[in-house]
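To start, the structure itself, in C-alpha cells.
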Amino acid sequence: MADNDPILISGATGCIGSTLARSLYADGRALVLFGRNEERLAKLAAELPDAEVLVGDIGRADTLAGNLELPRKLKGVVHAAGICEGRTLSDSDPAQIREHLEVNLVGPAELTRLALPALRAARGTVVLVNSLVGLYPWPGWIGYAMSKYGLRAFAETLRLEEFETGVRVSSIFASRVATPLQAKVHAQEGKEYVPDAWVQPETMARTIRNVLETPHDAELKDITLMHQQYPRP
C-alpha cells in the first residue's frame, strides 16, 4: 500500500474483525481497533504491536461523541460489529428490536459521523458488513432485518452526501459466515452447524481488503457474497 493512513475496525475483536485486522497488519497497515471489551481489545493489540485501541460501546451511540480520539486521517472505517437474534414480530418486543437498531444501525451511523473529518482528509472508504437479509426479507428475523435494511439505506444516502468529498461507501451483503455468531444462530434454529458449509472469515476479510484497496478511479458500491452451495441467507 502506498500510504499508511490507518483503518478503523469496529467490532475488531469479533471473528471477522480480528481476521481482517491480522491480515491488514501482516501487510504493515496502521490500525485502530474499536470495540467495547477492553480486555479482549488489549489481547488483540498485544498480537498487533503499534495498533491503536479505542474502547466504546457501538450499542450506545450517544456515549461516543467526546469520548473517542480519532486520527486526523482514516483510510477506512470498517463496520464489522453486529448482533443477530431470530424472532418473529409476534415474539418480539420493543427492547429486542431497539437493541438491533442501536447496535447494527444507529451506532455505525454515529461512529461514521464522528469519523467523517478524518475520512474526508484521506478520501477514505466506509465499508459496511451487511447481510443478504438487507436485500431480501427473511421470516423470523424481524429486528435483524429491520436493522440491515436500514443500514442499506444509510449507505446509499451517505454515498450521495459524501460524493463531492471523495469518501466512498461500500456495502457487503454476505450470506452466512462461519463465526461463533453463526453457531448461535444455528442453535436458535435447531440445526446442525457445519462451519465449512459457509463463507469463511478469511474470505470476508479478503473481500473487505479488495474494497479498501480499490484505486480511487472506481468505487465498489455493493458486493453480494454468497456461498456457492447455499445461496440463501
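The values are calculated or read from the model by the stated rules, or taken from the named source; none is laboratory data. On a predicted model such as this, the values are computed, not experimentally measured, just so you know. Don't worry about glycine lacking a Cβ; one is built from the backbone with ideal geometry, like all the others, and counts go over all protein chains shown.
Results, tabulated for the structure shown:
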| read-out | value |
| --- | --- |
| Matching residues in region 15-42 - criterion: being charged (D, E, K, R) and over 25 Å from residue 61 (Cβ atoms) | 22, 27, 29 |
| Whichever residue in region 88-143 is closer than 22 Å to residue 21 by Cα and among the β-branched types (Val, Ile, Thr) and, among such residues, is nearest to the chain's Cα centre (by Cα) | 129 |
| Test set (1) within 24 Å of residue 103 (Cβ to Cβ); (2) at pLDDT below 90; (3) in contact with a helix residue (DSSP H, G or I) (Cβ under 9 Å, 6 or more places away or on another chain) - residue 202 fails condition number | (1) |
| Yes/no for residue 47 being charged (D, E, K, R), over 25 Å from residue 167 (Cα atoms) and without any contact (Cβ under 8 Å) to a residue 60 or more places away in the chain | yes |
| When residues of region 131-141 are limited to those that are of a type in the set (A, V, I, L, M) and within 17 Å of residue 83 (Cβ to Cβ), the one surrounded by the fewest Cβ atoms within 10 Å (Cβ to Cβ) | 132 |
| Of residues in region 81-110 being buried (at least 24 other Cβ atoms within 10 Å of the Cβ) and touching a Ser or Thr at 6+ places or on another chain (Cβ under 6 Å), the one modelled with the lowest pLDDT | 81 |
| Condition met for residue 63 (of a type in the set (Ser, Thr, Tyr) and more than 19 Å from residue 128 (Cβ to Cβ)) | yes |
| So residue 134, is it closer than 18 Å to residue 222 by Cα, of a type in the set (Gly, Ala, Ser) and modelled with pLDDT of 95 or more | no |
| Any hit, region 68-81, residues being under 22 Å from residue 41 (Cβ atoms) and without any contact (Cβ under 8 Å) to a residue 24 or more places away in the chain | yes |
| Options 39, 52; residue that is without any contact (Cβ under 8 Å) to a residue 24 or more places away in the chain, farther than 12 Å from residue 81 by Cβ and surrounded by fewer than 20 Cβ atoms within 10 Å (Cβ to Cβ) | 39 |
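Per-residue answers, yes or no, for (1) closer than 26 Å to residue 200 by Cα; (2) crowded, with 18+ Cβ neighbours inside 10 Å; (3) modelled with pLDDT of 90 or more:
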position	(1), (2), (3)
143	yes, yes, yes
148	yes, yes, yes
153	no, no, yes
157	no, no, yes
161	no, no, yes
164	no, no, yes
168	yes, yes, yes
173	yes, yes, yes
178	yes, yes, no
